[in-house]
Amino acid sequence: MFQKESKDAGRVGTEEGMPRRRFLKTALGALALGPTLLFCNEPITPPREFKMQLDGYKGMAELPFVEVTADGKFKFTDTDLPMAIDFHAHLAFAVGQSPDVDLQQKTAKVAYIMDCDGARDPACVFNMDDYINKIATTKMIDHVDEEIARSGLTGGVDAKTHTVPNLLEEMALARVKKAVLLPIAVNLGFGRDDMAQQWKDAIEKSGKRDSFVLFGSVHPKPKEVHYKGKTAVELLRELHQAGYRGIKFHPTIQSIAPNDPSAMELFEECQKLGMMVFFHSGRAGIEAGNNGEYAKMEKYKEPLAKFKDIQFIFGHAGARDHSEALQLAKQHENVWLETHGQGVTSLRAIAKEFDNSRILFGTDWPWYPLVATMAKVRIAYDGNRPLLRKVFAENAERLLAMMKP
Ligand SMILES: [Zn+2]
């Protein structure tokens, strides 16, 4: 059925029907609000009651579709759903002065950067209705800061477990068939900035190339020390030549806003080349210094208004700025919402208000276990099988098919 989007419209032409006067009022109200889009969503039914405050990630064992193995790994057991596509994953970060991480190494466990199972802080509660990084205690945030610093200097410690075989094993347990890997050109100004190349080599060497889609990344103001005077546009063309069909843009890590003139120039070339742009979108609330400012949702308006032919993905669906991200996304047919991090209530709001065929599943591995996000999506859309199929697999299939060869 068709839904017309507007701030106060609710559903138009729902199964109950709507008195003509109210319909007209709503439709006119929607027009007054500016651009609105029509799309076809199924009604979403309320989920059963699930426990929302869990004793760490391991508390997910209480959910009917999660199993925790004897060695503490997470299995997703809803076998009626198709194997999923994870649209937001990473491997180890090794930048700046960091030595190589052996990305072929299999280890007994994965050290999640946000570990909610006691190693960092036994007090961690996994609240499935919160934005996910709100689970972090002060101790956990201190650890995140240390690990990030190490991954640019002496080499990450958790990073040694963020390897291809570890991700593949977790994908098999979580029923994930493909992961989209998102490297970031961090452009530190010293040492190395070759994350995409490291990951490319690793997935090719693993013999499981088909289990991955690799994005690239270009900093809009590439530094001489890394890029020998090449411009961002030149670097993007090189990526395209090498077969990349999308880039990750991370305003807070790259310290640059999406509406910076240099970023706009980069997107202009993305549009010409038919490359998609995966944004880290919105403020996560744990950024260093004032860097969150770069990711305020108002900074995304300009690229969205100008580049109608780029498929833009809002990673984390706006993070803690999700309400604004949703309102902005609703005005553009070429925006997709990747929902990693969102709590159950927010996931339901997205499905009610946004085109269900442009919602993507993503996990932000290895910051969090794959199943941590699967469980939230599974709960939010409980009883809505067609929607679960779309979010876990069908929408991502369609978007990936749009990547021109
Ligand atoms: Zn991420």
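The values are calculated or read from the model by the stated rules, or taken from the named source; none is laboratory data. Fair warning: this is a prediction, and the values are worked out from it, not measured in the lab. So basically every Cβ, Gly included, is an ideal-geometry build from the backbone, and we count neighbours across all protein chains shown.
Numbers at a glance
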| read-out | value |
| --- | --- |
| Counted residues, region 293-350 - those being over 19 Å from VAL180 (Cβ atoms) and in contact with a Cys (Cβ under 8 Å, 6 or more places away or on another chain) | 1 |
| Count - residues of region 91-123 that are over 21 Å from the mean Cα position of the chain (by Cα), surrounded by fewer than 23 Cβ atoms within 10 Å (Cβ to Cβ) and either farther than 19 Å from ALA149 by Cα or not hydrophobic (A, V, I, L, M, F, W, C) (or both) | 19 |
| Odd one out for TRP367 among (1) among the hydrophobic types (A, V, I, L, M, F, W, C); (2) surrounded by 23 or more Cβ atoms within 10 Å (Cβ to Cβ); (3) modelled with pLDDT of 95 or more; (4) within 16 Å of the ligand (Cβ to nearest atom) | (2) |
| Region 200-220, subset polar (S, T, N, Q) and in a loop (DSSP other than H, G, I, E, B), residue surrounded by the most Cβ atoms within 10 Å (Cβ to Cβ) | SER217 |
| Residue tally, condition outside any helix (DSSP H, G or I) and either closer than 17 Å to ARG389 by Cβ or more than 14 Å from the ligand (Cβ to nearest atom) (or both), over region 339-364 | 8 |
| Qualifying residue in region 317-338 (condition: more than 16 Å from the ligand (Cβ to nearest atom) and in a strand (DSSP E or B)) | yes |
| Residues (touching a strand residue (DSSP E or B) at 6+ places or on another chain (Cβ under 9 Å) and either β-branched (Val, Ile, Thr) or under 15 Å from ALA263 (Cα atoms) (or both)) located in region 281-296 | SER281, ALA295 |
| Tabulated pairs, region 183-209, first assigned by TED's automatic domain parsing to the domain that holds PRO165 and under 21 Å from ARG150 (Cα atoms), second exposed (fewer than 15 other Cβ atoms within 10 Å of the Cβ) and among the aliphatic types (A, V, I, L, M), C-beta under 7 angstrom, 6+ apart or interchain | GLY189/VAL225; PHE190/VAL225 |
| Region 282-316 - residue that is assigned to a helix (DSSP H, G or I) and within 16 Å of the ligand (Cβ to nearest atom) and, of those, surrounded by the fewest Cβ atoms within 10 Å (Cβ to Cβ) | ASN291 |
| Qualifying residue in region 263-283 (condition: touching a residue at least 60 places away in the same chain (Cβ under 8 Å) and under 27 Å from PRO99 (Cβ atoms)) | no |
| Pair list, Cβ under 8 Å, 6 or more apart: region 298-309 residue under 12 Å from PRO261 (Cβ atoms), other residue outside any helix (DSSP H, G or I) and of a type outside the set (Ser, Thr, Tyr) | GLU302/PRO258; GLU302/ASN259; PRO303/PRO258; PRO303/ASN259; PRO303/VAL277; PRO303/ILE310; PRO303/PHE312 |
| Condition check for GLU338: assigned by TED's automatic domain parsing to the domain that holds ASP130, touching a His at 6+ places or on another chain (Cβ under 7 Å) and acidic (Asp, Glu) | yes |
| The one condition in (1) acidic (Asp, Glu); (2) surrounded by fewer than 17 Cβ atoms within 10 Å (Cβ to Cβ); (3) within 22 Å of GLY362 (Cα to Cα) that GLU224 fails to fulfil | (3) |
| Matching entry among THR107, THR69, THR79 (being free of Cβ contacts under 8 Å to residues at least 60 places away in the same chain, of a type outside the set (Gly, Ala, Ser) and assigned by TED's automatic domain parsing to the domain that holds TRP199) | THR107 |
